Structures are given as C-alpha cells and as structure tokens.
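Each remark here refers to the structure printed beneath this line.
The values are calculated or read from the model by the stated rules, or taken from the named source; none is laboratory data. In this text, all values refer to a predicted model and were calculated from it rather than measured experimentally. Don't worry about glycine lacking a Cβ; one is built from the backbone with ideal geometry, like all the others, and counts go over all protein chains shown. Accessible surface is based on the protein model in full, side chains and every heavy atom, while ligands, DNA and RNA are left aside. Shrake-Rupley method; radii C 1.70, N 1.55, O 1.52, S 1.80 Å.
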Amino acid sequence: VQLQASGGGLVQPGDSLRLSCAASGLTFRNYAWGWFRQTPGKEREFVAAFKRSGGWTYYSDSAKGRFTISADNAKTMVYLQMNSLKPEDTAVYFCAAGNTITSQARNRDAYHYWGQGTQVTVSS
C-alpha cells in the first residue's frame, strides 16, 4: 500500500489550494480516507474524512465551509480542496486510509496507512 500526497505550497491568505493523494495497493472503495495536519510541537489533528461505502463525510470545525474532501475512484485519487486559506492553516498535511468506522473517523489512530505529508504555508 502506498499513499503519496502532493500539492502543497506557499500561498497568501484568502487563496485556494488543492492537495492530492495518490493511492495504490488497496481497494479504494472499501476504505475510509482522511486528511490530517500537523505543526511543530503539536499532535496531528483531524481535518476531513469520508468513506464512500459508509456514506459519511466529516470535517473539523476549522475546515467546515472552507475545505472539501473528494475522490476520483477511477484514478484512485483523494483530494482536499482548501479555500479561503488562513495563516493558521499552515501545517504539514497528511492523507490517510483505514478500515475506519464512522465513530472513529476523526481518530488518527484508526487509520492504518499514511502518505508522507505535504507542506502548506499560508503567509503574506
């Protein structure tokens, strides 16, 4: 199983960015897919997650209304569209996959596979 995140960069406040996660080695539809982020000295925190077969999608309070998680089954890609970015969104963003149930969607320990992370910096 391999997950590879990409799409990070340096943007200004208010800008948009789309992160991508390329997945291989697993049956896409059977897994929950999540995005987490981490800043130095802090724990990795939940951003968004969904499970197509489970019919659920969740966002953190900070992501709700600004970020959208989506997927392209045919390409086995997961995306995180981030709009109206703020300096506090600056972090390394990780994609993750797991056989995760809805009650554990926000729990990073419920995800078994992780990408390498991509840096997002929001600064003027």
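Worth a mention:
- Within region 24-51, being of a type outside the set (A, V, I, L, M, F, W, C), open to solvent by less than 70 Å² (accessible area, probe 1.4 Å) and not in a loop (DSSP other than H, G, I, E, B) holds for Ser24, Gly34, Arg37, Gln38, Lys51.
- Hits in region 52-79 - residues which are within 11 Å of Phe28 (Cβ to Cβ), touching a residue at least 40 places away in the same chain (Cβ under 8 Å) and either surrounded by 15 or more Cβ atoms within 10 Å (Cβ to Cβ) or within 14 Å of the chain's Cα centre (by Cα) (or both): Ala71, Thr76, Met77, Val78
- Filter pass, Ser62 being part of a loop (DSSP other than H, G, I, E, B) and on the phi > 0 side of the Ramachandran plot: no
- For region 1-18, the criterion of being open to solvent by 50 Å² or more (accessible area, probe 1.4 Å), in a loop (DSSP other than H, G, I, E, B), of a type in the set (A, V, I, L, M, F, W, C) and touching a residue at least 60 places away in the same chain (Cβ under 8 Å) is satisfied by at least one residue.
- All positions within region 84-114 that are open to solvent by 60 Å² or more (accessible area, probe 1.4 Å) and either assigned to a loop (DSSP other than H, G, I, E, B) or within 30 Å of Gly14 (Cβ to Cβ) (or both): Ser84, Lys86, Pro87, Glu88, Asn99, Ile101, Arg106, Arg108, His112, Trp114
- Matching residues, region 72-83, being assigned to a loop (DSSP other than H, G, I, E, B) and either modelled with pLDDT of 95 or more or of a type outside the set (D, E, K, R) (or both): Asn73, Ala74, Thr76, Asn83
- Here is the figure for region 7-24: residues that are under 19 Å from Phe50 (Cα atoms) and among the small types (Gly, Ala, Ser) total 4.
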